[in-house]
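Asker: My questions will all concern the structure given below.
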Amino acid sequence: ADFETAIDAAGFGLFNILLLLVAIPSAMGTVYETSTMSYILPSAECDLHLSLLDKGVLNAITYAGMISSAIFWGYLADTKGRRKLLIFGYLADTICVLGGALSQNVVQLMVFKYLGGFTMSGPFAVLMTYLTELHGRQYRQRVMMSIGIMFSMATLSLPGLAMGILPQHWDIEFLGLSVHSWQIFVAITALPSILSCALFPFFPESPKFLMSRGRNAEALEAFRFIYALNTRQPRAAFPIKELASEVAGKPAPPTPPTDSSLKLPEQQQPAHQQKESDVEQAAGKKSKSSLRSGLVQMRPLFVKPYLGLSLWVYLLNFCVLLGQNTMRLWLPQLFASINEYEQMMSQQPTTTTSSTSICSIIEYSVNRTQSQLAASVLDDPEHECTVNVSPASYTNNLIVAAAGLVAYMLAGFLVNLVGFKRIMAMGLFLAGSCAIGMYWSSSAATTVALASIFVTMGSISATSVISASLSMFPTALRTMIVSLSMMVGRMGSLLGNIFFPALMGLGCVPPFLMVSCFMYVACLLASFLPLKNKAALK
């Protein structure tokens, strides 16, 4: 039997449930790596003497690490295997997270966050591929939906964890190092990676990968292991006795190693199994020839008829992720400033009117950051740098994260109802309007409502961009276009998080105007996106 027949014969049962349970801490580790910094910035600004630009770099530098290591990890995934990469990737991420938790200055923290992004790019890319390759065709769509829900739940758990730890005033001396509450928070976020590293050794290598390398005997043992757990039958009872060879006589150009996690189940069809096997077998050649072959496969995306369309998709994803991830990662700092500003105003009885407008908040946040930095650098006893973080600072983050979870659950229904193009255009226009609408927000409740709508619409639009891209390119180019567009999108996330604090120093309008403009540009691009590409259909 071929791979699809064998994995269907292995069934669905205890093995698959255990695998999905292990995927929960894996998804949490991935989310924590990219989002932790946004929650510790208000707590760590005195200990690390953070300026606004430092905060932006800490938010962005993880994406720099992920961009720089995409090719490296992708090559290892296609030559060394999925399981090994998951084990050693999460182990390396654990070391980086714990190193960041013990950092004593901002430079050390930046280095560890860059390395964390570098190492997490591998497990992030392979996790979904590994999960889909261990499920039969009829379950893959549900597995992909389950993974998305796991990521959304992980995002929801982070503000809850921050609420319980970051407001504490802990100051511990450990081996000559000063450890505060934000460092303990960072250290605790390493637990999902530790669990993933410890649990994945109990699972088999992907049979799909083993068959692509000609290791059919090992693949058959993996199928028998899955079958025995799912059916409670002895391994010898597995009905498939021999696996068909999926090693091609004539190797095809290998898929360039990038974000292979974004291979959707529609790509894994029997008609393309032989070609995918050729691709993975050829990836075992020397690095130089693999890179050359990879560049050959990339070539169609940079010449007609796909050049204009691929550039269109890159620019669309760049704009969407710049706006989405910039706003998402700066909301914890914004909400913490809102809470602190409200507390300060409530302690001034002479104040007759208290406006919580976004301009007042940004002006207060910028001035406070600058004064705190000056006080901590000069060590001025009269102007001591103080941190005022309460559990209420993270309540608004919980509301926004919950809105994002609901959005993901509704995304599939909405896309089927109105289509990719309409949902993207409407979602991006609404997100852009909410971003610029924050300028006129006069209360904390209005700001939270606008932020929730922005994150919700941005999440649905970002998912729709990837799904829509797949319908415009032939199967042989789909993984490549998604991988390259995600890399360009991460560049947008990096630049957005650096420019946002720089624009905050200029006033309250520029940062939100930047996010709004990129969302409106993305809306225009999505409106004219040719979902039915004649060249792709040919």
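The values are calculated or read from the model by the stated rules, or taken from the named source; none is laboratory data. Everything numeric here is computed off the predicted structure, so don't read it as measured data. With ideal geometry, Cβ positions are generated from the backbone for all residues, glycine too; neighbour counts draw on all protein chains shown. SASA here: full protein model, heavy atoms, side chains in, ligands and nucleic acids out. Shrake-Rupley method; radii C 1.70, N 1.55, O 1.52, S 1.80 Å.
Asker: Being more than 16 Å from the chain's Cα centre (by Cα) and of a type in the set (D, E, K, R) is the filter here, so list the residues in segment 39-93 that pass it.
Answerer: Of everything in segment 39-93, those that are more than 16 Å from the chain's Cα centre (by Cα) and of a type in the set (D, E, K, R) turn out to be Glu45, Asp47, Asp54, Lys55, Asp78, Lys80, Arg82, Arg83, Lys84.
Asker: Something else now. Just to be sure, is Ser152 within 28 Å of Ile399 (Cβ to Cβ), open to solvent by less than 30 Å² (accessible area, probe 1.4 Å) and of a type in the set (Ser, Thr, Tyr)?
Answerer: Yes.
Asker: Any idea which of (1) open to solvent by 10 Å² or more (accessible area, probe 1.4 Å); (2) modelled with pLDDT under 85 is the one Leu161 doesn't satisfy?
Answerer: The failed condition is (2).
Asker: Sticking with this one: So which residues in segment 185-202 are more than 14 Å from Pro123 (Cβ to Cβ) and either of a type in the set (Phe, Trp, Tyr) or in contact with a strand residue (DSSP E or B) (Cβ under 9 Å, 6 or more places away or on another chain) (or both)?
Answerer: Phe185, Ala187, Phe202
Asker: Taking the stated definitions as given, is Ser452 over 25 Å from Ala64 (Cα atoms), surrounded by 19 or more Cβ atoms within 10 Å (Cβ to Cβ) and among the small types (Gly, Ala, Ser)?
Answerer: yes
Asker: Right, here's the next one. When segment 98-112 is examined, which residues are found to be of a type outside the set (Val, Ile, Thr) and either touching a residue at least 12 places away in the same chain (Cβ under 8 Å) or over 21 Å from Leu494 (Cβ atoms) (or both)?
Answerer: Selection gives Leu98, Gly99, Gly100, Ala101, Leu102, Ser103, Gln104, Asn105, Leu109, Met110, Phe112.
Asker: Determine if segment 127-137 includes at least one residue that is of a type in the set (A, V, I, L, M, F, W, C), under 30 Å from Trp182 (Cβ atoms) and touching a Lys or Arg at 6+ places or on another chain (Cβ under 9 Å).
Answerer: yes
Asker: Out of the residues in segment 215-239 that are among the small types (Gly, Ala, Ser) and open to solvent by 50 Å² or more (accessible area, probe 1.4 Å), state the one that is farthest from Phe3 (Cα to Cα).
Answerer: Ala236
Asker: Could you tell me whether His135 is buried (at least 17 other Cβ atoms within 10 Å of the Cβ) and not in a helix (DSSP H, G or I)?
Answerer: yes
Asker: Check every one of the helices (runs of 4 or more DSSP H) wholly within segment 1-109 and list those with 1 or more residues that are aromatic (Phe, Trp, Tyr), open to solvent by 10 Å² or more (accessible area, probe 1.4 Å) and modelled with pLDDT of 90 or more.
Answerer: 14-44, 52-79, 82-101
Asker: Six or more apart or on different chains, Cβ atoms under 9 Å: show the pairs whose first residue is in segment 492-513 and touching a residue at least 24 places away in the same chain (Cβ under 8 Å) and within 25 Å of Val313 (Cβ to Cβ) and whose second is of a type in the set (A, V, I, L, M) and open to solvent by 50 Å² or more (accessible area, probe 1.4 Å).
Answerer: Hits for this filter: Ile498/Leu53.
Quick grid of which residues meet (1) farther than 19 Å from Arg328 by Cα; (2) part of a helix (DSSP H, G or I); (3) not aliphatic (A, V, I, L, M):
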position: Leu417; (1), (2), (3): yes, yes, no
position: Arg422; (1), (2), (3): yes, yes, yes
position: Cys434; (1), (2), (3): no, yes, yes
position: Gly437; (1), (2), (3): no, yes, yes
position: Thr447; (1), (2), (3): no, yes, yes
position: Ser459; (1), (2), (3): no, yes, yes
position: Ala468; (1), (2), (3): yes, yes, no
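Asker: Filter segment 175-212 down to the residues that are in a helix (DSSP H, G or I), of a type in the set (A, V, I, L, M) and over 24 Å from the mean Cα position of the chain (by Cα), then identify the one that is surrounded by the most Cβ atoms within 10 Å (Cβ to Cβ).
Answerer: Met211
Asker: Something else now. What about Ala392, is it within 23 Å of Gln168 (Cα to Cα), at pLDDT 75 or above and either open to solvent by less than 70 Å² (accessible area, probe 1.4 Å) or not in a helix (DSSP H, G or I) (or both)?
Answerer: yes
Asker: Does Glu246 satisfy being modelled with pLDDT of 85 or more and either farther than 12 Å from Ile7 by Cα or open to solvent by 60 Å² or more (accessible area, probe 1.4 Å) (or both)?
Answerer: When the stated conditions are applied, Glu246 does not pass them.
Asker: Right, something else. If you scan segment 349-371, which residues turn out to be modelled with pLDDT of 75 or more and open to solvent by 60 Å² or more (accessible area, probe 1.4 Å)?
Answerer: Glu363, Asn367
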